[in-house]
Amino acid sequence: MAARADIVVFGTGSFAARILLDIAATARVPVAVAIAGRNVARLDWLRTAANARAAIFERPATFVTRTVDLARPDAAEAVLAELAPKLVVQAASPQAASVISGQGDGWSRLVAEGGLSVTAVFQALFSARVAKALSRLSPHCPFINCCFADAVNALLASAGLAVTCGIGNVAILASAFAGELGPRAGRDVKVLAHYQTIGPWRQAAATRGGPAARVWIAGEEVADVYAKFRRVQLTPEPVIDISGASGVPLMLAIAAGAEWHGHAPGPLGLIGGYPVAWSGGALALDLPRGLEREEAVRWNRSFEERSGLVAGADGKAHYTGVLYERLRAVSPTLAEGFAMRDLEEVYREMAALRARLQERTAD
């Protein structure tokens, strides 16, 4: 077996599985993928399933596995040094995505009332470890963080860690809207969306409201997004069948040295999600005509400034708004924010808080 992979995917959960199985079904040029995780039985299944799907669809994708436990701070370095990938994708997290639909305990209630940014410490931990290893071994290798990229990528950037983008969130809406318009018209859709604009699409159409994503079709901004896409309906649970799939064309383009246009959260360490393009070996914003970068960034950042988590240039993260108030009620110390250099310690403190709250039944 050649010790080389075009793409390394960290993670064996349902999100990583969606990525791997869609690579297997859609790859057009040869691509070698390594699946890295700690659950050996799950690794064996994903390798088997992905290679089987590649055979079913007659696609030139091959899959191997490496046993890696990201709970150990330096675990990523060995596999990255061995495989020298063209792209690293990080989808492992000590916080299950199902928390967005949980209702049974104090932790899920804190997430529901304060917002997903309260989970950012959990989502950032493994991604920061992988990013640090990559910075030492191959600082120019593209890095896609799949773990709550809307907020986490800004945290990574504030710590001086390079991150290309995430997948999902803005691409969920952009893909759903494009699907409603049909293949030809869908290519002309551009969407600006913070993760907080996704929630209304989980509700019945008649009850949707609040700040909406901004949408352009063929260069013209849609005046009433809720009305235009009334038939779009997301599930209360994570919509992995769209979100996980949305990053696959970008991953394959990077591995093949091709160009790509689409949407991604957290590009270049920014808060929120944007239209983007991969060209010439680099990612750039691909905004609609008339929308300046500063306006787009300010619009996305305003959601976290009202209630969420904002990373400063000094590497310090600050909780804001409702999230700050809800977190202060259960942990005044954690509510005051943290420096990214202290992430490992803050993770332990946040994990203790989560465990304590999970023992409480939600009112």
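Taken together, the values in this text are just the output of simple stated rules run on the coordinates, not laboratory data. None of these values were measured; they are calculated from a predicted model. Neighbour counts are summed over all protein chains in view; Cβ atoms, including those assigned to glycine, are modelled from backbone coordinates with ideal geometry.
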>> To make sure I understand, if each residue's beta carbon is the centre and we count other beta carbons within 10 Å, what order do Thr12, Thr48, Thr361, Thr65 fall in, fewest to most?
In response: Thr361, Thr48, Thr65, Thr12
>> Which of rounded, prolate or oblate describes region 135-270 when judged by the alpha-carbon gyration tensor and an a/c cut-off of 1.5?
In response: prolate
>> Between region 107-173 and region 67-81, how far is it from one alpha carbon centroid to the other, in angstrom?
In response: 17
>> To make sure I understand the rule: partners must be aspartates and glutamates, Cα under 13 Å from the Cα of Lys190, and not fewer than 8 residues away in the same chain. Which ones qualify?
In response: Glu220, Glu221, Asp286
> Going by how many other beta carbons lie within 10 Å of each one, how would you line up Thr62, Thr164, fewest first?
Replying inline: Thr62, Thr164
> Helix-derived [θ] at 222 nm for the chain: sum -39500 (n - 2.57) over DSSP H runs of at least 4, divide by residue count, nearest 500?
Replying inline: -13000 deg cm²/dmol
> Between region 238-252 and region 265-309, what is the C-alpha centre distance in whole Å?
Replying inline: 19
> region 7-167: D in µm²/s via Stokes-Einstein (Kirkwood Rh, Cα pairs, 25 °C, 0.890 mPa s)?
Replying inline: 151
> Among residues other than Tyr324 whose Cβ falls under 13 Å from its Cβ, what is the net charge (Lys/Arg +1, Asp/Glu -1)?
Replying inline: -2
>> Could you give me D for region 2-80, from Stokes-Einstein at 37 °C and 0.692 mPa s, where the hydrodynamic radius is the Kirkwood radius over C-alpha pairs? Units µm² s⁻¹, please.
In response: 262
> Out of the DSSP beta bridges found with both residues in the chain, what percent are antiparallel (nearest 5)?
Replying inline: 55
> Rounded to two decimals, what ratio of Rg to Rh does region 276-363 give with C-alpha atoms and a Kirkwood Rh?
Replying inline: 1.12
>> At 1.567 mPa s and 4 °C, plugging the Kirkwood radius over alpha-carbon pairs of region 212-325 into Stokes-Einstein gives what diffusion coefficient in µm²/s?
In response: 79
> List the lysines whose alpha-carbon lies under 18 Å from that of Lys132, not counting same-chain residues fewer than 8 positions away?
Replying inline: Lys86, Lys316
> So how far, in whole Å, is the C-alpha centre of region 187-205 from the one of region 22-52?
Replying inline: 30
>> I need the GluC sites (Glu not before Pro) found in region 266-363, filtered to DSSP loop residues with at most 15 other beta carbons within 10 Å of theirs.
In response: Glu292, Glu336, Glu359
> When the gyration tensor of the chain is built from Cα positions, what are the square roots of 5 times its three eigenvalues, in whole Å, from largest to smallest?
Replying inline: 29, 27, 20
>> Output wanted: per-residue J couplings in Hz (rounded whole) for region 212-218, from phi through Karplus 6.51 cos²θ - 1.76 cosθ + 1.60, θ = phi - 60°, x for Gly and Pro.
In response: 9, 4, 9, 10, 10, 10, 6
